[in-house]
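Have a look at the structure below before the remarks.
The values are calculated or read from the model by the stated rules, or taken from the named source; none is laboratory data. Everything numeric here is computed off the predicted structure, so don't read it as measured data. Heads up, the Cβs are rebuilt from the backbone with ideal geometry, glycines too, and the neighbour counts pull from every protein chain shown. Just so you know, the surface numbers come from the protein's heavy atoms only, side chains and all, with ligands and any DNA or RNA stripped out. Shrake-Rupley method; radii C 1.70, N 1.55, O 1.52, S 1.80 Å.
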Amino acid sequence: MRVSNQRVDPRLVQPQAHPFARSTTAALCPTAMDSPAPSIAIAFRSISPDGSARVVERGVAVERPLAIEFNGIGYAVMMATPADLQDFATGFALSERLIEATGDLVDFESIATPHGDLLRVTLSAPCVPLMHQRVRHRVSESSCGMCGIENLDQALRPLPQVPRAGALEPDAVFRALGALRDHQPLNRATGAVHAAALCDVDGGIRLVREDVGRHNAFDKLIGAMARAGLGWDGGFALLSSRCSYELVEKAALAGCSRLVTISAPTDLALARAADAGIDLIVLARSDAVLAAITE
C-alpha cells in the first residue's frame, strides 16, 4: 500500500489566524501545513460558588472536519481527532463493509488543510462496484458524492451573530446545576439520558427535555420553546453533556447567547462559540465552573 501525507501548493492559500479568530466564511483552499496535535492548551476562568475567579489552563481535545474519499468520490464528512488517520480510514472502510480485508485498501493519502483533513483512499477493483452503490444511497442524504475538498468547504457554515445578553452571575449557574437533577425523571429511572434545560437569568429552571442523545435533548428543548412561544429572555441553556461544536451551532441558530455544559468542550466548539458571540461555560460542577476566555 502506498501511504503519503501530502502537502499541497502553498501559493493557493492565505495564512490562517489563531483558531479563536478564524473565519468560517472563507473559501476552502488547500495549503501546505502540518496536521494539528490531537489536543491543545487553552486558558479559562475558573469561577467558584463564592464568586472568586482565577485563570487556569487545561488541555482541550482538537476536533476537525474530516472528509473521506474512496477512489476519487466523496463518501462522508465527520468530525474527528486528527490522529491515527490511516487506522481510521481502514476501520471505517471495514465498518461500512466496503472492504473485507486490509489488503483491499491499496492506497492512502492524508492532506491537511486549514478547514480540516482530507483522506484519499483507493480501494481494490473488486470493491469499487459496492462503493458506488453505497454512494448512490448516501448522496440523497448529504453532500456525499462531491469531492472531499468541496465537502470540507460545506462542513462549517457561517453562524449568525447572537445578541449579547450581558454578564451572567455565577450564582445563577450554580443554582441551576443544583436543581437540574430534580427535573430529570427519565434519567433518575434509567441513568442513561441527557437533559437540556431552559434556565432564567437567576438560574431557575423553566423547562427541561431529556433524550438518550445530547443533540436530541437540545433539539427537543428548542422545539418545545418554539411551540410554547418561549424565548431565552436573558437566560441560558444548561446541557448535561460535553460541549461539541454541533451544540454550539444549535444554540446560535436558536438565538441562545449563553450556553452551559456539564462536561468539557472541544477546540472547535470554543472557536464556533467565539465566532457566534456565545458566552460559553463548561465543566460546570458544584465546586467550580470554567468560563471560556475569548478576548
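The mean sequence distance of close C-alpha pairs (under 8 Å, at least 6 residues apart), as a share of the length of the stretch 154-239, puts its relative contact order at 28 percent.
Taking every protein chain into account, the 1.4 Å probe leaves residue 115 with about 30 Å² of accessible area, to the nearest ten.
Computed with every protein chain present, the accessible area of residue 87 is close to 110 Å² [probe 1.4 Å].
Send over a whole-number figure in Å² for the accessible area per residue of the stretch 174-271, probe 1.4 Å. Please report the intermediate quantities before stating the final value.
Values: 3840 Å² over 98 residues.
Heavy-atom accessible area per residue stands at 39 Å².
Model label points for residue 94 and residue 215, set 7 angstrom from Cα along the Cα-to-Cβ axis, are 2.5 nm apart.
In nm, what is the difference between 0.36 nm times the number of residues separating residue 181 and residue 285 and their Cα-Cα distance? Provide the component values of the computation, followed by the final result.
Values: separation 104, 0.36 × 104 = 37.44 nm, distance 1.27 nm.
Result for the pair: 36.2 nm of gain on full extension.
Quick one: length gained pulling residue 37 to residue 190 fully straight, 0.36 nm per residue minus the C-alpha distance? Walk me through the numbers on the way to the answer.
Numbers: separation 153, 0.36 × 153 = 55.08 nm, distance 3.71 nm.
Additional length available on full extension: 51.4 nm.
For the pair residue 171 and residue 102 in one chain, pulling the backbone fully straight at 0.36 nm per residue adds 19.3 nm over the alpha carbon distance.
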